[in-house]
Amino acid sequence: MQRAERLLDMIQSLRRRRRPVTAETLSSELDVSVRTVYRDIAALVRQGVPVRGEAGIGYVLDAGFDLPPLMLSPDEIEAVLVGMRWLGERADPVLARAAEDVVSKVAAVLPPHLRPILLDGALFAPAYGRDAPVDQVDVAAVRAAIRQGRKLEMRYRDESGQDTQRMIWPIGMTFYERVRVVIAWCELREAFRHFRTDRMSDLVAREERYPARRADLFRRWQKEDEARSREDCERRQATAQQDQSAQQETTAQRDETARSGATRLSA
């Protein structure tokens, strides 16, 4: 946990209580040492957060202190709601729980008159059925590898059912309606490839970082993907033109046959 995140969590812990809370209790909640709690309390005081108390007795946050309210418009609140509900139905369990936490945290800092828009919102995202693909790997570990720029080793089953051992450099993930797809450089194919998470197995997150910046790899993938999209579009247009020409030729031949038949009959 980053220190800034831990300090915010400490403020939240203090704000939930009306009575002093001991450093030992905060240490247990935040999963840090008591010494770290003392250092963090001192840091909050230096930053102007009105924390009162002392070691051995406990600490309390003065009444009236709060994080500034989150000023969102009704449309923005509904955007958060729909986005988090959509993600809650389509993400891995860890990210789905995070989506629920986002809604709770936003609700906690919204002004009272806007809070019902979020908590009683009437906008929904449909749930999967029981036939939704099931992941056999920890997708949270895949997302962590993307953030940290680390290699992943796995077995992958392609559309034909063939298994191969892969070492990949994950650089992104796309959330489709029913599946999640990892964008990665594949050492086996020596090219960018897309991997469905429900076809992965025996996943091992390596400590080894891949030898390139993720942002650079992502830009390379984007350029290749755009070029491939243009080629596909041009190919479809060429095919459509060929089909149209063939149809016009067929129509012309049919019309010529009809005219020839009419000429014979009139003769």
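Structural remarks
- Verdict on Ala132 being assigned to a loop (DSSP other than H, G, I, E, B) and among the aliphatic types (A, V, I, L, M): yes
- Among (1) open to solvent by 50 Å² or more (accessible area, probe 1.4 Å); (2) touching a Leu at 6+ places or on another chain (Cβ under 6 Å); (3) of a type in the set (A, V, I, L, M, F, W, C), the one test that Ala63 misses: (2)
- Qualifying residue in the range 130-144 (condition: modelled with pLDDT of 95 or more, among the small types (Gly, Ala, Ser) and at positive phi): no
- Which numbered condition Ala145 misses (of (1) among the small types (Gly, Ala, Ser); (2) under 23 Å from Asp92 (Cβ atoms); (3) open to solvent by 20 Å² or more (accessible area, probe 1.4 Å)): (3)
- Selection of first residues in the range 92-119 that are touching a residue at least 40 places away in the same chain (Cβ under 8 Å) and of second residues that are among the acidic types (Asp, Glu) and open to solvent by less than 60 Å² (accessible area, probe 1.4 Å), restricted to Cβ pairs under 7 Å at least 6 apart or on distinct chains, gives the following pairs, ordered by first then second residue: Asp92/Asp135.
- If you go through the range 66-87 and keep only what is closer than 24 Å to Glu5 by Cβ, modelled with pLDDT under 90 and either of a type in the set (S, T, N, Q) or crowded, with 17+ Cβ neighbours inside 10 Å (or both), you end up with just Leu72.
- Test result for Gln136, in contact (Cβ under 8 Å) with a residue 60 or more places away in the chain and out of contact with any Phe, Trp or Tyr (no Cβ under 8 Å at 6 or more places or on another chain): yes
- A count restricted to the range 28-53 and to residues that are under 23 Å from Val109 (Cα atoms), open to solvent by 40 Å² or more (accessible area, probe 1.4 Å) and β-branched (Val, Ile, Thr) stands at 1.
- Matching residues, the range 9-27, being open to solvent by less than 90 Å² (accessible area, probe 1.4 Å) and either among the aliphatic types (A, V, I, L, M) or assigned to a helix (DSSP H, G or I) (or both): Asp9, Met10, Ile11, Gln12, Ser13, Leu14, Arg15, Val21, Ala23, Thr25, Leu26, Ser27
- Condition check for Gly58: at pLDDT 85 or above, open to solvent by less than 80 Å² (accessible area, probe 1.4 Å), at positive phi and in contact with a Ser or Thr (Cβ under 6 Å, 6 or more places away or on another chain): yes
- Among (1) more than 30 Å from Pro74 (Cα to Cα); (2) surrounded by fewer than 11 Cβ atoms within 10 Å (Cβ to Cβ); (3) touching a helix residue (DSSP H, G or I) at 6+ places or on another chain (Cβ under 9 Å) - the single one Pro126 does not satisfy: (1)
- Counting only strands (runs of 3 or more DSSP E) that sit completely within the range 153-217, those holding 3 or more residues that are surrounded by 19 or more Cβ atoms within 10 Å (Cβ to Cβ) and hydrophobic (A, V, I, L, M, F, W, C) correspond to 163-175, 180-186.
The values are calculated or read from the model by the stated rules, or taken from the named source; none is laboratory data. This one's a predicted model, so the numbers in the text were calculated from it and none came from an experiment. Cβ: placed from backbone, ideal geometry, glycine included. Neighbour counts: every protein chain shown. Note: accessible area is taken over every heavy atom of the protein model, side chains too, but ligands, DNA and RNA are not part of it. Shrake-Rupley method; radii C 1.70, N 1.55, O 1.52, S 1.80 Å.
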